[in-house]
Amino acid sequence: MRTHARTSLAVTVALALTACACLPASASAVSEQATLHASFSPDRLGASTTISFGFQIATTEGLAPPPLTSLDLRMPAGINFTTTTLGLAICQPAALLAKGLAGCSPNSRLGFGSAYVEVPFGTGSGDEIPEIQALMGPPHDGNMVVLFYANGKTPVYAQLVFSGEVLPAYGAFGSQLATAVPLIASVPGGPDVSILSVQSTIGPSRLTYYRHSHGRLVPFHPVGVSVPARCPRGGFPFSAQFVFQDGSSTSASSTVPCPPRRRRG
Amino acid sequence: MLSGVAVLLASVGASLGVGAALEVGVARAGEPTAHVSRTISLSETAHLHRTSGRGITIDQPLNEMGSASGTIRGAIYIHLKLPAVNRVTAEVNIYPSGGSITGYATARYSVDGGTASFSGTMSIARGTGSYDHASGSGLSFSGTIQRSNDAVSVHLSGRLSV
């Protein structure tokens, strides 16, 4: 996975000064715990849907977790991003980094979300990176690539582009999104920030694509991932594996319950 | 007489780049029958459109129909399934004049923006009519899918014995 950053990552001077009085949050070994949640909207068998997923990472000691370095999200069998009309255009990472979303076609957007991060000298409640965009990137070894664009303003000023690769998965899972998460330095040469939570969508909700028709650009909504036509016993399983900078790891799982049967007639 | 036909076909086939061989079988009545097989170099291109389904999944095939042109001509139907994110399987039915050919293909599948592509191999499962004894060797199966409308272009090549 390649990672791109437009600027050196920095925080405000005031926060940097505060950092001098604090120990890095991840300096000591901690026990990470993660929770994962996922949902479909609409939640109907066979329907085009938007997948919402999110995770939270905490430690039993109440400290910030170590910086996250990789995330492997596994999705249920039968859910396949390649069968959608999402990502009809390719977004080039360099253009995304240079111009932000304006550097890529609207038809490359896959979803969006936000994240909370903890700077080592933070209050403990986390600071929001309000804009995370998911876009279709250039394929790698024939596999679909999802680009994530994180646009942080304060206290972490960072525009990051990193990527996840959609790979096959087995058993109850049909695919996995293997993502290498870049380290985000709080200040140049300083400790890295910790990711506390991420929320994101993959799907057509609130996305508008455009096509040319008779010389005009016509907006349309892309077709999303289809909820499988059959629900496995116990629901649709999701799981995530988290690996941290210090080499530790943890995992979490979640299940989307089978939707209620629709009444006939 | 049969051997004479075989020699004739072989000589005609040689001039056309087509090989011929003689197979001898036993009919129901116990009388020997003969089938003269010829091997042709297959190169088919077809453009298809969706007839049902929307997108392909493991349990929902993308059904396509169109016309094949090249070595043999006729209607072509393809049913595509996606058992994994990077693999596609297909049932291919071609209806040339005088019979039909059915094959199964498996191919690597990848998505590049608005176009998905696949490339793999195909085997002949059965034939009918003039293609009753159809078999293939070294058959390749490749093509593209326009993701916006599921239009498919497919190319088949290799050696076909009929």
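Of the residues contained in the range A:227-237, one or more are found to be within 12 Å of another protein chain (Cβ to nearest Cβ), over 19 Å from the mean Cα position of the chain (by Cα) and crowded, with 22+ Cβ neighbours inside 10 Å. For A:T50, the stated conditions hold: it is under 29 Å from B:Y109 (Cβ atoms) and more than 14 Å from chain B (Cβ to nearest Cβ).
Consider the range A:127-155 and keep the residues that are more than 14 Å from chain B (Cβ to nearest Cβ) and in contact with a helix residue (DSSP H, G or I) (Cβ under 7 Å, 6 or more places away or on another chain). The one that is nearest to A:V187 (Cα to Cα) is A:P155. Counting residues in the range A:101-114 that are at pLDDT 95 or above, outside any helix (DSSP H, G or I), in contact with a Pro (Cβ under 6 Å, 6 or more places away or on another chain) and not aromatic (F, W, Y) gives zero.
When you look at A:I57, is it at pLDDT below 90, of a type in the set (A, V, I, L, M) and closer than 22 Å to A:S251 by Cβ, yes or no? So A:I57 does not fit the description; no. In this structure, is B:G143 within 14 Å of chain A (Cβ to nearest Cβ), within 22 Å of A:M136 (Cα to Cα) and either at pLDDT 95 or above or surrounded by 18 or more Cβ atoms within 10 Å (Cβ to Cβ) (or both)? For B:G143, the condition - within 14 Å of chain A (Cβ to nearest Cβ), within 22 Å of A:M136 (Cα to Cα) and either at pLDDT 95 or above or surrounded by 18 or more Cβ atoms within 10 Å (Cβ to Cβ) (or both) - is not met. Screening the candidates A:I79, A:I90 for the property of being crowded, with 18+ Cβ neighbours inside 10 Å, more than 16 Å from A:S194 (Cβ to Cβ), within 14 Å of chain B (Cβ to nearest Cβ) and modelled with pLDDT under 95 yields one hit, A:I79.
Taken over the range A:181-226, the criterion of being within 12 Å of chain B (Cβ to nearest Cβ) and under 21 Å from A:T255 (Cα atoms) is satisfied by A:G224, A:V225, A:S226. Screening the range A:140-233 for strands (runs of 3 or more DSSP E) wholly inside it with 1 or more residues that are in contact with a strand residue (DSSP E or B) (Cβ under 8 Å, 6 or more places away or on another chain) and without any contact (Cβ under 8 Å) to a residue 12 or more places away in the chain returns the ranges A:158-168, A:209-213, A:216-220. Which members of the range B:93-108 meet the condition of being crowded, with 19+ Cβ neighbours inside 10 Å and touching a Ser or Thr at 6+ places or on another chain (Cβ under 7 Å)? Passing the criteria: B:I94, B:S100, B:G103, B:A105, B:A107. Among the residues making up the range A:142-195, those that are surrounded by 22 or more Cβ atoms within 10 Å (Cβ to Cβ), of a type in the set (A, V, I, L, M) and closer than 18 Å to B:V88 by Cα are A:M144, A:V166. Checking each residue of the range B:118-127 against the condition of being outside any strand (DSSP E or B) and touching a residue at least 12 places away in the same chain (Cβ under 8 Å) gives no match. Looking across the range A:48-84, the residues that are among the aliphatic types (A, V, I, L, M) and in contact with a strand residue (DSSP E or B) (Cβ under 7 Å, 6 or more places away or on another chain) come down to A:I51, A:I57, A:A58, A:A64, A:L68, A:L71, A:L73, A:M75, A:A77, A:I79. Of all the listed residues (B:D112, B:D150, B:D132), the sole one being of a type outside the set (S, T, N, Q), within 14 Å of chain A (Cβ to nearest Cβ) and either farther than 24 Å from B:H49 by Cα or touching a Pro at 6+ places or on another chain (Cβ under 7 Å) (or both) is B:D112. If we scan the range A:240-256, do we find a residue that is over 30 Å from A:T69 (Cβ atoms) and part of a loop (DSSP other than H, G, I, E, B)? The answer is no; no qualifying residue exists. Residues satisfying the criterion are absent from the range B:72-86 (criterion: within 13 Å of chain A (Cβ to nearest Cβ), modelled with pLDDT of 95 or more, assigned to a strand (DSSP E or B) and farther than 16 Å from B:T45 by Cα).
Residues in the range A:63-76 that are touching a residue at least 60 places away in the same chain (Cβ under 8 Å) and over 30 Å from B:R87 (Cα atoms) were compared, and the one that is nearest to the other protein chains (Cβ to nearest Cβ) is A:L68.
Considering every residue within the range B:120-128, establish whether at least one is of a type in the set (D, E, K, R) and within 14 Å of chain A (Cβ to nearest Cβ). No, the range B:120-128 contains no residue that is of a type in the set (D, E, K, R) and within 14 Å of chain A (Cβ to nearest Cβ).
The values are calculated or read from the model by the stated rules, or taken from the named source; none is laboratory data. Here the structure is a predicted model, which means the values were calculated and not measured. Cβ atoms come from the backbone with ideal geometry, glycine included; neighbour counts cover every protein chain shown.
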